[in-house]
Structure formats: C-alpha cells, structure tokens
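Worksheet: the structure to be examined is printed underneath.
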Amino acid sequence: MRVFIYEYMTGSGTGRESDSPEHSLYIEGRAMRDAIAADFRLIPNTEVFIFADKEAPVDHYTFNDAANNADWTLIIAPESEDKLLSLAEEVWPTGSRFLGPSSDTLRLTSDKLALAEHWYDRDVPTPFTTDREPSTRAAFPIVWKPQDGAGSTVTFLLKSAQDVSDAKEQLEAEDHTGPMIVQQFVPGRAASVAFLCGPAGQFPLPPTFQFLSEDRFKYLGGEVPIPSELAERAVKLARRAIESVPGLLGYVGVDLVLGSAEDGSRDFAIEINPRLTTSYVGLRALADFNIAELMLKVAKGESPGELKWKPGKVRFNPDGTATSVADSAPTTA
C-alpha cells in the first residue's frame, strides 16, 4: 500500500520564514505532517511519501503524479481561499482514494457562515453568526473572524467600540481582504473532539481542551483527556454536530465551547475541521494503538473495535511536542 501525504504549508513553503504572519500555521502543519507520516510508516507493507519543505511551491503536475501513484492521499491544508477543496479536486480524478470528505461536505464545512446556518436549521447549538460588519453599537463582546479561516488568523475578540476600530486597522495592516463574519461570543472552556469517520459510522476519540490566547484566540496547544463529565458533554454535542453533516470521511475535528451549566445547556458547537488537526499529536501520545492505521480501517467501512488508551494525561504544543503530565517525559513524532 502506498500513502501520499501532502501538507500545504510545508509543501508550498508558505509561512516558512519566522517573521511571516502564517508561520504558526507552518509550524502546526509540519507537526501534523511528521506525526501522521510516522504512524503510517508503522503499518506493515506501507510506503509513505510526502513533499518535504521546498523553496518553491510544488507544481500541480508533480502533485498529480504523486497522487496517481498512491492508493490513498491525505491532504492537510487550511480551508481558507478553498485551498483544501482545490487540492482535493486535484486528487479525485487520479487513481488514488482521497482520505477526506466529499466536495459538498468540504464546501459546507469550510464556510463558517453556511455551517452555522446549516446547524440552526437542525437545532445544533451554535453561536449567532452573521456576515454583517461589526458595529460600534454591537452587543459586546463579539468575535470577528474570517468566514473561511483556519488557525485563528485575523480573529478578534471585540469588547468595545474602540476594539472595533483597532481590529479594522489591524485587518488592513495584515492585508486580509477575504469575507469576515461576526459571531456571538460564548463564555466557557474551549474544547475539541476528533472523530474517525467512515461508512460504518463516526467514532470519537477522547475530547481535548484547547489553550487559546485571550485577545486573538491564537492556538497554544491542548490537553487530553479532560474530566469525564465534560468529556461526555463534549462527545454528545460534537456527535450531534457531525451527524448533521453527511459525507465526512477520515479524521474530523469538531471545535466546541463548554459552558458553565452542568446540564450542557450552555455548550456550543463552533466549527468543523474536515481534516487532520493538531490534536492528533496529543492523541497519538495517549493512544495504545496506531490512530493512522485505524483511520484507514474506518475509511474502508470497518469497525475500529475497542480503542485502548494509556493512563495519565498529555499536554501537547503546536510544534508537535507532547509531554506526559504524570512523568514529564517528552514525546515527539
């Protein structure tokens, strides 16, 4: 079996330089790429090939040639500007199976406004979302972010009219011209649930906490597992969120906010990441099995069977390092 892994940031060189505004996405992309590639290489009789860091972007001929020679293709890419969808569209005509969602599902989950409206219609709790510009008379606090963003790029928590003015100046300084949305701010604990999705169903992995900066929601890493009562609420809501979206396949992440109400009535689904997420580096450190191998099994329509997890707790960082909280022993890809 041959598996082709293409990670957009490292494959194209985008964000390579440390002073680039996209450098954090580059760091996360490299961490995910290295972790999943290492796990696929552990599968017997499996050849893995990737595009390593290059000075020049990979051209489409080379990309298509690689996909044509693979049994499976896994793409890790931001949803912004349809990057993930465009790359998937390059794979579908080849002889490789795409380890990801359908085109309609990618379009829906990549558009945060469309996904919010989709959830409204299906009674999935999600913050009120609109494409109107933030007003100085808004019911603060509110969140202003790209309609198709990834990695908290140009994302702002606005608490006052002055914050609106400052954010607009910052948006211009960062040269962002894409569509933006305003979202109701919901207080609580940021969390995520990853699922392995396939024809036989959606199988949750242990929920993780997300560590985010307060002003720009910059991703700082995470922790797994979380307290059992919060984990039950997280899986329940995340399952509702993904079961309302047909066509999901492979590794899928659901971002949530878990509120203060113990009955989960203040919990909200925020977005779906239809691809590998950085939580993979923490989950693989806790797993007593190969998540990549199980991902393929589920994608083929098989049941994953019993999932066994190691005891203890793992904290993980955007660069791919993971540390056992119990013994402080670092683990990397």
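Values quoted throughout were computed directly from the atomic coordinates according to the rules given, and no laboratory measurement underlies them. Small disclaimer: the values here were computed from a predicted structure and weren't measured. We place every Cβ from the backbone using ideal geometry, glycine too, and count neighbours over all the protein chains shown.
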Single unsatisfied condition, residue 27 versus (1) crowded, with 17+ Cβ neighbours inside 10 Å; (2) aliphatic (A, V, I, L, M); (3) touching an Asp or Glu at 6+ places or on another chain (Cβ under 6 Å); (4) closer than 19 Å to residue 67 by Cα: (4)
Residue that is surrounded by the fewest Cβ atoms within 10 Å (Cβ to Cβ) [pool: residues in segment 282-320 that are more than 27 Å from residue 199 (Cβ to Cβ) and among the aliphatic types (A, V, I, L, M)]: 285
Matching strands (runs of 3 or more DSSP E) fully within segment 132-238 where at least 3 residues are within 30 Å of residue 292 (Cβ to Cβ): 189-198, 201-204, 208-212, 219-224
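Which of the residues spanning segment 120-152 are polar (S, T, N, Q), crowded, with 20+ Cβ neighbours inside 10 Å and touching a residue at least 60 places away in the same chain (Cβ under 8 Å)?
126
Return yes when residue 111 is among the charged types (D, E, K, R), closer than 29 Å to residue 4 by Cβ and either surrounded by fewer than 13 Cβ atoms within 10 Å (Cβ to Cβ) or in contact with a helix residue (DSSP H, G or I) (Cβ under 8 Å, 6 or more places away or on another chain) (or both) and no when it is not.
When the stated conditions are applied, residue 111 does not pass them.
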Condition broken by residue 272, with the remaining ones in (1) under 23 Å from residue 200 (Cα atoms); (2) assigned to a loop (DSSP other than H, G, I, E, B); (3) aliphatic (A, V, I, L, M) satisfied: (2)
Helices (runs of 4 or more DSSP H) contained in segment 1-119 and holding at least 1 residues of a type outside the set (A, V, I, L, M, F, W, C) and either closer than 27 Å to residue 321 by Cα or touching a residue at least 60 places away in the same chain (Cβ under 8 Å) (or both): 8-12, 23-41, 83-91, 103-110
